[in-house]
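Visitor: Following this message is one structure expressed as structure tokens.
Quick note: the coordinates plus some simple rules give every number you see, no bench work behind them. Model, not experiment: these values are computed from the prediction.
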Amino acid sequence: MKDHTEELRQFAAALSDVDRLKIVGELARGRDLPAEIARTTGLDDGIVARHLLALEKTGLVHRREHPGGEAHYTLDEK
């Protein structure tokens, strides 16, 4: 049986930040653009970008590039 302790620790750490929880909530509502998430949460664009990267590293969020280079994010609901 595989030990998932480190994965669970990263998952818990990613969701232990209030701003990240706000971002996850916005992604769950279907908002997928960082600028839109920043506007609706009142967070700075740079903070949103940093948190999206942290969430992406845990596998909670997936990034996809659209034509023109614009990044869209989706929540992995698994």
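Visitor: Over the Cα atoms of the chain, Rg to Rh with Kirkwood Rh, two decimal places?
Guide: 1.00
Visitor: If you don't mind, there's one more thing I want to ask. For the chain, what does -39500 (n - 2.57) per DSSP helix run (n ≥ 4), summed and divided by total residues, give at 222 nm, in deg cm²/dmol to the nearest 500?
Guide: That comes out to -16500 deg cm²/dmol.
Visitor: Specify the angular offset, from 0 to 90 degrees and rounded to the nearest 10, of the alpha carbon long axis of helix 45-58 from the longest principal axis of the alpha carbons in the chain.
Guide: So the helix axis and the longest Cα principal axis differ by about 30 degrees.
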